[in-house]
Structures are given as structure tokens and as C-alpha cells.
1. From (1) over 30 Å from F17 (Cα atoms); (2) out of contact with any strand residue (DSSP E or B) (no Cβ under 6 Å at 6 or more places or on another chain), pick out the condition that doesn't hold for L148.
2. Within segment 198-213, take every residue that is closer than 14 Å to C185 by Cβ, in contact with a Phe, Trp or Tyr (Cβ under 7 Å, 6 or more places away or on another chain) and among the hydrophobic types (A, V, I, L, M, F, W, C) and give me the one that is modelled with the lowest pLDDT.
3. Look at R44 and say whether it is closer than 18 Å to G139 by Cβ, in a helix (DSSP H, G or I) and basic (K, R).
4. Out of G197, G139, G127, G121, report the one residue that is surrounded by fewer than 18 Cβ atoms within 10 Å (Cβ to Cβ) and small (G, A, S).
5. Only residues that are more than 17 Å from T176 (Cβ to Cβ) and of a type in the set (G, A, S): list them for segment 197-236, please.
6. If I filter segment 161-197 down to residues being touching a Phe, Trp or Tyr at 6+ places or on another chain (Cβ under 9 Å) and more than 14 Å from F235 (Cα to Cα), which single residue comes out as modelled with the highest pLDDT?
7. Considering segment 214-236 alone, what residues qualify as being hydrophobic (A, V, I, L, M, F, W, C), farther than 13 Å from C193 by Cβ and at pLDDT below 90?
8. Show the residue pairs meeting these rules: Cβ distance below 9 Å; 6+ apart or different chains; first residue within segment 1-25 and closer than 18 Å to L148 by Cα; second residue at pLDDT 85 or above and of a type in the set (K, R).
Amino acid sequence: MLAPTIEAWNHAINTWFMSLGAPVEGLARLLLAAAFGAAVGLEREVRGRQAGFRTYLLVCLGSALTMLVSVQFALHPWIAQSRNEGININIDPARLAYGVMTGIGFLGAGVIVQNKGQVRGLTTAAGLWCIAALGLSIGFGMYLLSLLATLLILAALWILDYVEDALPKVRYRTVTVRTKYRVGCIADVVNVCKRAGLDVVDAVFTRTDDLTWADIHLHIAFHNMNEFRDVERQFEADPNYQLMATQEV
């Protein structure tokens, strides 16, 4: 039941766009690509990602324009460059599309940031790659499929973000605690974390120049952020400890 309905919609949409004529239909494809790219880019912009509204709009628009040019390359009546009338020039309409999907990798690499073992921007880079493919599909005239793809991309970036937050995943933090150096002070700090339900993956320490204080660096794994916050408050409230820093890993 669903498949015939979608097929009928697809036929009706394609027929309407084709009725616009060659120049107007091309403009309509570019406007559609700009609108779909902007819709996905707006979601990224609201979340403060590296690539946002204008970036996604331009990538989708440029990809659609590239596909339009590629299609025109294939439809263009090429004239043989010699007197041999038997020569037939064949053009691969997908060649420029290959270049887009390869070249978008350079733009995607620019939004991936690595800092002290933490990698950010992978989802944004994947979104740029998808939006380039979306622009190509719009430029080729796959209107309904492009609309459905836009909805899927938005669902993956927006709705599934809340699902991902709800999943029980392991988080990591590096915590630095300062305390007066004494025998067993490192074990005492580790036990504070363990009693709160946190998993101490590693613990190292350094001593100040006067050897009076010890800075204990803990690499902690946990599932519940509230439990981690409780440990932070416990260190802050205890006069025997100074919470120097916490950092996401």
C-alpha cells in the first residue's frame, strides 16, 4: 500500500518539475538544495557545531550545481574534432560526482578536532558528507528521495542525539586532587572515588617542590554523571583535599 503511494507521489513531483522547463527546473533544483541544506545546517547551528547553517547550505547547493553541470556534460551534443565522422565522444555524467564525494573529505577533515585524546567533529564531518550526497541527488532530479533523505539526516542528527544521551555509556574524566603528602594518601583518594561507585582506571601523583603536597591525577570511568558530581562536591567540601581540575577525556 505504501510503495504504490510513494511511487505515485514521486511521479507527480517529477512531472511537475519537468513541466517548468529546462532553465526554471534547474533553478528550482538549486533552490530546493539550498532549502534542504539550510534545514540540516540550522540544526547544527543551534547546537553550536563547527559547521553550521551557511556551510551546509553552500555544500548542498554546490553539490547540486555540480550534478546539474555533470548532467549537461552528458546531454551536450559534442562535435567530433576530426574529419573522421565515426568518432563518438562519450561523457561519464558521474565523474564530477566522484570528485564531489572525494573533495568533501577535505572540508570534513577541517571540522574534526583532536585535543588531548578527545576527538570532536566526527558527526559534523559525516553530516557534511551526507549533505553533499543530498545535493547530488537533488541536482539529478530525485526530488522525493531527497526529501526523505533530508528527514532521515535530521532524525539522525536531532532525534537520535537524545537517544544517544539516554544510552548507558561509559564516560571518562581526569581529576586532579591536591592533598598533604603522607603514606597512603593516594589510596585514600582512590577509595573515595570507589566508594561512590566510580571506577579508577589509573592513578599517578606528583609532589610539589617543597615535598609537602601531592597532586594526585586520577583517570576515572563512570556511567552516572550525578555520581561523579557528588564526588566532586565531596572533594570540595573536605578540608583535607583541594580539587584542582577535572577534564573530559
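1. Every condition holds for L148 apart from (1).
2. The first filter runs over segment 198-213 and keeps only residues closer than 14 Å to C185 by Cβ, leaving 203-208, 211-213.
Keeping just the survivors that are in contact with a Phe, Trp or Tyr (Cβ under 7 Å, 6 or more places away or on another chain) gives 207, 211-213.
Keeping just the survivors that are among the hydrophobic types (A, V, I, L, M, F, W, C) gives 211, 213.
Details: L211: 86, W213: 90.
Result: L211.
3. Working: closer than 18 Å to G139 by Cβ: no; in a helix (DSSP H, G or I): yes; basic (K, R): yes.
So R44 fails the test.
4. Details: G139 fails: surrounded by fewer than 18 Cβ atoms within 10 Å (Cβ to Cβ); G127 fails: surrounded by fewer than 18 Cβ atoms within 10 Å (Cβ to Cβ); G121 fails: surrounded by fewer than 18 Cβ atoms within 10 Å (Cβ to Cβ).
Checking each option against the conditions leaves just G197.
5. Passing the criteria: only G197.
6. Applying the filter and picking the extreme gives Y181.
7. Taking segment 214-236 and keeping what is hydrophobic (A, V, I, L, M, F, W, C), we get 214, 216, 218, 220-222, 225, 228, 231, 235.
Narrowing the set further to residues that are farther than 13 Å from C193 by Cβ leaves 214, 225.
If the condition is that a residue be hydrophobic (A, V, I, L, M, F, W, C), farther than 13 Å from C193 by Cβ and at pLDDT below 90, then M225 is the only one that fits.
8. Cβ pairs passing all conditions: F17/R29.
The values are calculated or read from the model by the stated rules, or taken from the named source; none is laboratory data. Quick caveat: nothing in here was measured; it's all calculated off a predicted structure. For neighbour counting, all protein chains shown are included, and Cβ atoms are generated from backbone atoms with ideal geometry for every residue, glycine included.
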